Amino acid sequence: MAETSTLNQRPASSLPLLEEMERTYKDLPMEAIVKQDILRQGIHFFPEAFQVKDPYKSKDYFIFSFDHIPLADLKDGADTKAPEEIKISGGHFGLLKTVISTRNNPNSPYKMKLKEGKPTLYLDETEIGTAEYPPIPSWYKHKTKSGKFPGEIAPVIEWGYLLYLTVFRNCQYFGKDEECAYCDINHNYRQQKGAGRPYTGVKDVEDILEVLSWVDAEDQIAKVYTITGGSVLTNLKKKSEVDFYLQYPQAIEARFPKRWMGKLVAQAFEKEDCQKFKDAGIQIYHPNYEVWDKTLFEKICPGKASWIGYENWIRRVVDSAEVFGPENVIPNFVGGVELSEPWGFKTVKEAITSTKQGLDFFMSKGIVPRFTAWCPEPYTTLGQQAGPPLVYFCELLRAWKETFESYGLPTPPGYGEPGPGKAVFSVSAFMDVIGYSGRN
Ligand code: SF4
């Protein structure tokens, strides 16, 4: 395992680096290794890469920016034309189809260009794969009675599989002393509004139901919806946090009972409150713990630490399994943020040792954490920093896979099919590694 400090610039991506990882991590599919490297670096879209024949779904900025530079600095059409995700296949490693979330970065070594009329991803001169862009769902053509676009009210991600309902596009943890240090929800809201885009802060239940009625009638691909948004500390629209978030699944399930699988990404609630969401029809609960190390949690999630506290948070995650069933509690952590400056670990080994303890703690109880790859966004407290090296993500995937397999756990529900060539979860490769039996 690499012992290198992350205080310097992250090691550049290169073909020799990918080939080294291919030799070292034979237990991980190349699809997962390449995916993590692209997520780590972002993608530079050449203007020609937007000149494709068929229309495609561009980024809806469904919650955070997930870009490496501010929206206002994105040039050559990347601010409005970058696809939500790419699906690459073939190329130097003969990749199976791999879905990857778009993180704009004009300085990325991964360049999307056009080759014989098809978008094609390059690393230096090497072709990494031919790319597809996500189709636009038919129901995106409608407009609500209140004049809103479906892609703003109920955008789809994960190649159409997940309806992502960020019902509150701000967070009441506000400013450096409260906001999670990697999170740009409030900043992204401001930059979207600043760019003059329609970007609803608090979504109307009726707007959501109207859009979902078109999804119900026209769409067979979306299987899941997620209700999420920023934390509510006092009240919002005269409702407590629980009551505010509860109104959405209650309305959706009353109108379209069990039409999709309902998920909730929210703070860690006490059991009684979890029960209310379960009764409303929510099946999957994501009380994200973000980073396992307690000292880092307190530094990186200062609002959560002071309002709820680390021990309480972890206890509530565990308790919520009594309500939802352990396999339906899937807390997220931000992969790589434990290596961030100035508070993070200084070596990959220390970071993985800590994060693996968290995986073991939860998985031993049947709770399967998942992770998203940390994207150092410019307007966050942590800012634009180098980010972890690729070897960290390979070690993390190995630790996740080993722990998951050692407890013989089932595939997390609500993510579609697992495995290389099938996974649609686009912000980390945890679903891509499930079931992979290794190579020689
Ligand atoms: S709780 Fe933290 S991660 Fe969640 S929206 Fe608020 S600041 Fe962002």
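Computed from the coordinates by the stated procedures, all read-outs in this text should not be read as laboratory data. Keep in mind that what you see is a predicted model, and the values were worked out from it rather than measured. Methodologically, a virtual Cβ is constructed for each residue, glycine included, from the backbone with ideal geometry; neighbour enumeration extends over all protein chains shown.
The table for this structure:
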item: Subset of the stretch 159-179 (residues that are near the ligand (Cβ under 9 Å from one of its atoms) and hydroxyl-bearing (Ser, Thr, Tyr)); result: 173
item: Exclusive hit being surrounded by fewer than 18 Cβ atoms within 10 Å (Cβ to Cβ) and either of a type outside the set (Val, Ile, Thr) or away from the ligand (no atom under 11 Å from the Cβ) (or both), set 294, 263; result: 294
item: Residue satisfying all of: in the stretch 300-321; part of a loop (DSSP other than H, G, I, E, B) and under 19 Å from residue 343 (Cβ atoms); farthest from the ligand (Cβ to nearest atom) among these; result: 309
item: Condition check for residue 182: of a type in the set (Ser, Thr, Tyr), within 16 Å of the ligand (Cβ to nearest atom) and in a loop (DSSP other than H, G, I, E, B); result: yes
item: Any hit, the stretch 163-170, residues being part of a loop (DSSP other than H, G, I, E, B), within 30 Å of residue 384 (Cα to Cα) and in contact (Cβ under 8 Å) with a residue 60 or more places away in the chain; result: yes
item: Which listed residue, of 50, 62, 45, 66, is crowded, with 24+ Cβ neighbours inside 10 Å and among the aromatic types (Phe, Trp, Tyr); result: 45
item: Selection count, the stretch 222-237, where residues are within 16 Å of the ligand (Cβ to nearest atom) and outside any loop (DSSP other than H, G, I, E, B); result: 5
item: Residue in the stretch 249-258 that is under 27 Å from residue 315 (Cβ atoms) and either of a type in the set (S, T, N, Q) or buried (at least 19 other Cβ atoms within 10 Å of the Cβ) (or both) present; result: yes
item: Matching residues, the stretch 201-221, being touching a strand residue (DSSP E or B) at 6+ places or on another chain (Cβ under 9 Å) and either in a helix (DSSP H, G or I) or within 16 Å of the ligand (Cβ to nearest atom) (or both); result: 201, 202, 203, 205, 208, 211, 212, 215
item: Residue satisfying all of: in the stretch 170-221; aliphatic (A, V, I, L, M) and farther than 23 Å from residue 159 by Cα; surrounded by the most Cβ atoms within 10 Å (Cβ to Cβ) among these; result: 181
